Amino acid sequence: MNGSLKQLLRSPLFLVVGAVLLWFSVTFLIYPNVRLLGTVFLPEGQFSFDAVRRLMSSQRAMESLRNSFLLAVVLSVTVNAVGIFIVLATRYFDIKGARVLWLGYASTLVYGGIVLVAGYKFIYGDSGFITRLLLNVFPGMNAGWFTGMFAVVFVMTFACTGNHLLFLGNALAKVDFQTIEAARMMGASSWKVLRSIVLPTLMPTVYAITILTFLGGLGALAAPQVLGGQDFQTVTPMILTFANAPSSRDLAATLAIILGLSTIVLLAVMNRLEKGGTYFSVSKVPASMQKQKIENPVANVVVYAVAYALFAVYALPPVLIVVFSFTDAASIQSATLNPGTFTLDNYLRVFTDYSALWPFLVSIGYSAVATIVAVFGLLFVARLVQKFRNPVTAAIEFILHIPWILPSTMVALGLIITFDHSEWLVGNIVLAGTLAILAIAYVIGKIPFTLRMLKAAFAAVPDQLEEAAAILGAGSFTTFRRILLPIVAPTAAAVAALNFNHLLDDYDTAVFLAHPLYQPLGIVIKNATSNDTLTDTTALTFVYTVILMVITGVTMWLVYGRATRPVGSRRRPKSPTKVVPAPRSTTPETVREYRELATAGAANKQEG
């Protein structure tokens, strides 16, 4: 249903929502970025490149820029190599134990960001379990072997392949099997079919994932900060360092602008490359994909060996994290697993000791507030954007997607620079250093994803329902409250669950904006990775990680597992004569909607 500009301006709902939206957009989406540009190019009210010149003369800054681009390029290769292989091993080749392999590869979907980095640090780091075992065998070995660029690339490679499992796995399932059969009938070998038929069909998805991977590498914070050491620091940790000193915030702003420009340029280039090719051709009646046997015995052995070796790499950290969450700190330090040391004290302490529980409560509070504000507010905005399609709503939609275009580092730094003094836009209140600024940043970060999903949900509502309500005399707000809202409520709940889940262990935004007395869980976990804060804190970190994995796993199952259940697989009603209305969740539109929610939510989990 399209609506003209005049209809839009006559809508009382738009006038109220539009006023709030205009204030929020100007205050928190546009003005901070303008101030950020002004800090760099108009430091004293006059145009200047002094910040750029200072940045160019800083050896550390230039090395961090080079390392960031190098990391992004290397990850684009390694993540795609590993990701494509695990998808082929579990979805394309006929390999025994493929479901078990998939579960191991999918372990990074239930823990990511700082939690995953900390887990690898505790397993492979200087005092890690694997390092201790290796030192027992090789006493002369360097205990700090797992550091620098190798460690960062290793961790981020396995952390970022979740997108392949979700997006590339779905793309592979849609390949028309008749094209493969036709190629085989024409004498093509298995390698020829894979190289000339299957992989080219997957290229659009590979392009999309490459963009996500490159941007993730470019703006990486947790992995370089925890594992990079002195010799491999990237842009975002450098921005954090510069931002902590008021005299060097212009340098931090310059680096953030370079990150933002790189993101925009990359998106433009990749879109142009993607539009320049033709990647697939299917028949009118496509056949579903069938798994292929590996005919070459040598290749078969190699694929099996690599698949199960990768399974061990994926599964070992989460398994050890769960095991060590039931042991004391001394066992973790000595790398010993004695059944006599297993205890529930760590869990009891987290749930009974107020100081240990406090970070969890802070994260839950921030996540809940940001989720409620984002979803509730965007319910109205998404409805207006979906119903009234005109230049005004198009401009609104573009502005609300700014957080997707700019890196979170740039958004956080813009908020710091703008609100470290009183501003009339927020009632002359200094927001920097308060509880509110982190919650605002969380809301900003969740706007694009929430708006996109809610807009899709409103688009799936039949227009006839609104027309019937109007004929019966219902006003626009009554129709929204009693007709539309109940229909989109399941989608809103799913989006809220994914947003809440993603914010629980956030570190990248919190490290810039968190209140000193209200440190979220991500910062506490990051602090526990330093050598100075070990022992008991380390054991609690394992407990935090296990709890987060459980919460994430349950959320993913509720949103993704239930939604991907085959249509019609629900139990039949006991009485065959009882008429049961078909639940809306079994319609193809809703299944697609939930699948999009799940994949987008899981992709969110991979960030950082």
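The values are calculated or read from the model by the stated rules, or taken from the named source; none is laboratory data. Owing to the predicted nature of the structure, the values given are computational and were not obtained by experimental measurement. FYI the Cβ positions are ideal-geometry reconstructions off the backbone, even for glycines, and counts take in every protein chain you see. Note: accessible area is taken over every heavy atom of the protein model, side chains too, but ligands, DNA and RNA are not part of it. Shrake-Rupley method; radii C 1.70, N 1.55, O 1.52, S 1.80 Å.
Yes or no, residue by residue, for (1) more than 30 Å from S48 (Cβ to Cβ); (2) modelled with pLDDT of 85 or more; (3) not in a loop (DSSP other than H, G, I, E, B):
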site: Q225; (1), (2), (3): yes, yes, yes
site: M238; (1), (2), (3): no, yes, yes
site: L251; (1), (2), (3): no, no, yes
site: S281; (1), (2), (3): yes, no, no
site: A299; (1), (2), (3): yes, yes, yes
Top-ranked residue in region 89-130 [being of a type in the set (S, T, Y) and in contact (Cβ under 8 Å) with a residue 40 or more places away in the chain; ranked as farthest from I523 (Cα to Cα)]: Y92
Neighbours by Cβ (under 9 Å, 6+ apart or cross-chain): first from region 352-363, free of Cβ contacts under 8 Å to residues at least 40 places away in the same chain; second hydrophobic (A, V, I, L, M, F, W, C) and open to solvent by 50 Å² or more (accessible area, probe 1.4 Å): Y354/L361; L357/F351
Complete set of residues in region 431-490 that are part of a helix (DSSP H, G or I), open to solvent by 40 Å² or more (accessible area, probe 1.4 Å), hydrophobic (A, V, I, L, M, F, W, C) and over 22 Å from F14 (Cα atoms): L435, A436
Elements of type helices (runs of 4 or more DSSP H) contained in region 336-416, each with 2 or more residues being within 30 Å of P462 (Cα to Cα) and modelled with pLDDT of 90 or more: 354-387
Count of region 379-428 residues which are open to solvent by less than 50 Å² (accessible area, probe 1.4 Å), over 18 Å from the mean Cα position of the chain (by Cα), of a type in the set (S, T, N, Q) and under 28 Å from T241 (Cα atoms): 1
The one condition in (1) closer than 25 Å to H401 by Cα; (2) in a helix (DSSP H, G or I) that A220 fails to fulfil: (2)
Count of region 449-478 residues which are over 24 Å from V495 (Cα atoms) and either without any contact (Cβ under 8 Å) to a residue 24 or more places away in the chain or aromatic (F, W, Y) (or both): 10
Residues (open to solvent by less than 10 Å² (accessible area, probe 1.4 Å) and over 16 Å from the mean Cα position of the chain (by Cα)) located in region 149-167: A151, V152
Any hit, region 80-89, residues being within 22 Å of L261 (Cα to Cα), surrounded by 14 or more Cβ atoms within 10 Å (Cβ to Cβ) and modelled with pLDDT under 95: no
